[in-house]
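This report concerns only the one structure given below.
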Amino acid sequence: MNSLPQNTLSEKFRRLEAGCRASGLSLTHQRRTLLRCLVRRSDHPTADQLYEELQNDVGGLSRTTVYRILETFVRAGLVTKISSPQAKARFDANTGKHHHLVCEQCGRVADLFDSGLNLRGLPEENSSGFIIYDYEITFNGLCPHCQSIGEEHKS
Ligand SMILES: [Zn+2]
Ligand SMILES: [Zn+2]
């Protein structure tokens with residue numbers, strides 16, 4: 001997994017902390033721990049995965065609390081929620097414009113940075129009457145791990 005160097009991570013964490021303060025969110029121990037965990041992981045974890053990682057470190061943390069904190073972060077624009085109809089929502093502390101690659105076999109999500117895919121503006125009119133806030137493109141395919149499993153089966 002491509003993990004960022006430590007100083008980039010703490011820089012990102014500081015920026016998110018500042019974002020919390022700017023949105024009037026008090027930085028409780030639970031929120032800080034969750035934010036730190038999200039910044040460290042680049043695999044777009046689900047709320048359940050975050051809960052499993054943190055339940056032993058954070059006293060009194062419940063699944064519901066994790067969901068609630070994540071929704072608060074999403075509403076404040078600090079974290080992006082990647083919803084897909086066939087899987088659980090995943091969370092991403094990288095709110096810079098990027099797109100996603102989703103493995104149809106194992107559900108793994110990877111980032112795709114390609115500014116050529118970015119729209120110049122959001123569609124202004126749509127027949128469904130939606131107000132559009134944002135967009136991201138999801139490409140479905142097979143991750144390297146699942147490809148290698150496929151190869152093994154062939155040989
Ligand atoms: Zn896969
Ligand atoms: Zn991402």
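Just so you know, all these numbers are worked out from the coordinates, no wet-lab data involved. Every value quoted in this text rests on a predicted model; they were computed, and no experiment measured them. Cβ placement follows ideal geometry from the backbone for every residue including glycine, while neighbour counts extend to all protein chains displayed.
Some points to look at:
- Each 10 Å bin from zero holds the following percent of Cα-Cα pairs in segment 1-50: 25, 51, 23, 1.
- Absence of a disulfide-compatible partner, taken as no other cysteine beta carbon within less than 4.7 angstrom, is noted in the chain for C20, C37, C106, C146.
- Full extension of the chain between E151 and T95 gives 16.6 nm of extra length, using 0.36 nm per residue less the Cα-Cα distance.
- Between N140 and R120, the C-beta separation translates, for a Förster distance of 30 Å, into a calculated FRET efficiency of about 0.75.
- Build a GNM of the chain with springs between Cα atoms under 10 Å apart, and of L27, L70, L78 the one that fluctuates most is L27.
- Net charge of neighbours whose Cβ lies under 13 Å from the Cβ of H98, counting Lys and Arg as +1 and Asp and Glu as -1: -4
- Relative contact order (percent, whole number), segment 15-81, Cα cutoff 8 Å, 6+ residue spacing: 30
- For the chain, projected area of the alpha-carbon convex hull averaged over all directions, nm²: 12.4
- Summarising the amide proton neighbourhood of V79: residues at separation of 5 or more, or on other chains, whose placed amide H is nearer than 5 Å comprise V74.
- MRE, 222 nm, helices only [DSSP H, n ≥ 4, -39500 (n - 2.57), over the chain, to nearest 500]: -12500 deg cm²/dmol
- Candidates F91, F130, F13: whichever shows maximal mean-square fluctuation once the chain is modelled as a Gaussian network with Cα springs under 10 Å: F130
- The charge dipole of segment 97-155, taken about its Cα centre with unit charges on the Cβ atoms of Lys, Arg (+1), Asp and Glu (-1) only, comes to about 100 debye.
- Secondary structure note: in the chain, about 70% of the DSSP beta bridges are antiparallel.
- Cα Rg, Dmax (largest Cα-Cα span) when computed across segment 75-137, Å: 13.1, 36
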